[in-house]
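The values are calculated or read from the model by the stated rules, or taken from the named source; none is laboratory data. This structure is a prediction, so every number in the text was calculated from the model and none was measured. Because the Cβ atoms are built from the backbone with ideal geometry, glycine has one as well, and the counts that use them run over all protein chains shown. What goes into the accessible areas is simple: the full protein's heavy atoms, side chains included, and nothing from ligands, DNA or RNA. Shrake-Rupley method; radii C 1.70, N 1.55, O 1.52, S 1.80 Å.
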Amino acid sequence: MLLRSLILGLVASSVRLAVSSPVPPQGPGSIQFLTPELSSGPIQKRYYDYGNSEPVRGVNIGGWLLLEPFITPSLFESFRTNPNNDDGIPVDEYHFTQTLGQEVASSRLEAHWSSFYTEQDFQDIAELGFNLVRIPIGYWAFQTLDNDPYVRGNQEQYLDKAIEWSAKYGLKVWVDLHGAAGSQNGFDNSGLRDAWYFLEDSNLKVTYSVLQYMLEKYSRDEYLDTVTGIELINEPLGPVLDMDKLKNDFLLPAYNYLRNTLQRNQIVILHDAFQQGHYWDDFLTSTDNFWGVLLDHHHYRIFENGELQSSIDQHVQAACNWGFDTITEAHWTVCGEFSAALTDCAKWLNGVGYGARYDGTFFKEQETSSFIGSCQSIDDINSWSDEKKENTRKFVEAQLDAFEMRNGWIIWTYKTESSIEWDVQRLVYNGLFPQPITDRKYPGQCQK
């Protein structure tokens, strides 16, 4: 393992010279940030170079402008009709708004948007040492389908406020199109669970129109010092989508619109669509004269029975391997989502009504689970054993080290109403996430 680490370190150093600068200088007026030239000449504008900047050390602003039941269960508990099951509880924002109707849903959502995140949160995030926030938002914040129940309210205004607050406290921002019309993955975090109709022409048209609006707005000069990337679509579920259509009818046109029509220099962020490593090495690469493209990987080890049964050493090794696997990828790479979780016990993490694999209550269609351990009191830190606390900190540190082998990480998520494993505030408070961020109780886990 040590020999492998030394070899990979040498490879990484040489590879970074080749792949860490996918944004060639386009001229003094076409790049993002004011930095001194290497010569003694005047200060010139430059692009934000992920390959030659400090690692991204970010946090997601989940469950705010796009609802997720496991992050804010109180919004969904109000629909409960009995204590024995989740019958009647909306499973996502689509059904939340459909059940309530526009007027009531708008009132409840506005109360949520105005209070769940405030300026103080962004100040706190910066003071904890994070340097970037990733802000998810759904297409319906900008445009809706004719039959949509979604509330098109003040999401965009709150997004703009968040960008202002981030600028004030020195944070960079990724603007993340997290939900597509028809859903790109069938997850509740897309807005519409159990649907995969994003690439149908009518849905694609609306989603692409929204993306064009986002690309035009958030690549303007007034945003470029703070917004350092726009994620074209979050987590498209590659195994069930037409990948050629995704590339040729959505991703490539979006890139061309930004670079050729708008002639702007904003960074383009591609999610890996759950494809194998190096799948994207021949798409939108600098060798084909594309530039400013970053690949976003998401990594969790709690959504399969086998992974949940892993020892902590196996979890750590898997995390390290995630980092090793990115070293020779053609694009900049950041892990845009991961967590401290070693169980799937958080209420509704798998979706309203599905239960948890860890305690054997998970049931979805033909997929079941078997008991590994109890989920009781998972949100009470006083019930955690010292071993569980140590293992959580080990896993967190291994992931941070792994993802900094390339260009960094963005943990999911800054706050929840009740979960510990998914809540950075609680993780920090309980000593399960390093402070300062570079502190290590278990150094060198990926070098053994």
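Put a dot 7 Å past the Cα of residue 363, heading toward its Cβ, do the same for residue 381, and the two dots end up 3.6 nm apart. Taking the chain as a whole, the Cys residues whose C-beta sits 4.7 Å or farther from every other Cys C-beta are 335.
For residue 370 and residue 248 in one chain, what is 0.36 nm times their gap in residues minus the Cα-Cα distance, to one decimal in nm?
Details: separation 122, 0.36 × 122 = 43.92 nm, distance 4.18 nm.
Result: 39.7 nm gained on full extension.
Tell me, what is the percent relative contact order of segment 57-430, built from C-alpha pairs under 8 Å that lie six or more residues apart?
Details: 681 pairs, mean separation 64.6, N = 374.
Taking the mean separation of contacting Cα pairs over the length of segment 57-430, I get 17 percent.
If Lys and Arg each add +1 and Asp and Glu each add -1, what is the summed charge of the other residues whose beta carbon sits under 13 Å from the beta carbon of residue 211? Show your work: numbers first, answer last.
On the way: positive: 205, 217; negative: 176, 216, 231, 249.
Computed value for this residue: -2.
Please list the helices of the chain that count as membrane-span-like by this rule: a mean Kyte-Doolittle hydropathy of at least -0.5 together with Cα atoms stretching 18 Å or more along the helix axis, each helix being a complete DSSP H run. Span-like helices here: 2-19, 201-218, 312-326. Rounded to the nearest 500, the 222 nm mean residue ellipticity of the chain from helices alone is -9500 deg cm²/dmol, with -39,500 (n - 2.57) taken per DSSP H run of at least 4 residues.
Local charge sum around residue 258 (other residues, Cβ-Cβ under 9 Å, Lys/Arg +1, Asp/Glu -1)? Please report the intermediate quantities before stating the final value.
Values: positive: 259, 264; negative: 216.
Residues near residue 258 contribute +1 overall.
The candidate values are [x] 0.95; [y] 1.14; [z] 0.98; the one derived from this structure for Rg/Rh (Cα atoms, Kirkwood Rh) carries the label [x].
Roll a 1.4 angstrom probe over the protein heavy atoms and tell me the percent of accessible area of segment 57-430 that is carbon or sulfur. Walk me through the numbers on the way to the answer.
Working: 5920 of 13720 Å².
Of the solvent-accessible surface of segment 57-430, carbon and sulfur hold 43 percent.
Model label points for residue 281 and residue 99, set 7 angstrom from Cα along the Cα-to-Cβ axis, are 4.7 nm apart.
Peptides 224-232, 275-283, 157-165 ranked from most to least packed give 224-232, 157-165, 275-283, packing being the mean of other C-beta atoms within 10 angstrom over each peptide's residues.
Neighbours of residue 63 by Cβ distance under 9 Å: Lys/Arg scored +1, Asp/Glu scored -1, total -1.
Sort 239-246, 295-302 by packing, meaning the average of other beta carbons within 10 Å per residue, with the highest value first. Let's see the in-between values first.
Numbers: 239-246: 13.4, 295-302: 20.1.
Descending packing order for the listed peptides: 295-302, 239-246.
Inter-label distance, residue 263 to residue 78: 5.0 nm, where each label sits 7 Å from its Cα along the C-beta direction. Taking every protein chain into account, the accessible area of segment 57-430 amounts to 37 square angstrom per residue (probe 1.4 Å).
Decide, for segment 216-289, between rounded, prolate and oblate: order the square roots of the alpha carbon gyration tensor eigenvalues as a ≥ b ≥ c, take rounded if a/c falls under 1.5, and otherwise choose prolate if a/b is larger than b/c, else oblate. Prolate. Remark: the residue 120-residue 307 segment gains 63.6 nm on full extension, using 0.36 nm per residue and subtracting the alpha carbon distance.
Among DSSP beta bridges lying fully in segment 57-430, give the percent that are antiparallel, nearest 5. Rounded to the nearest five, the antiparallel share is 5 percent.
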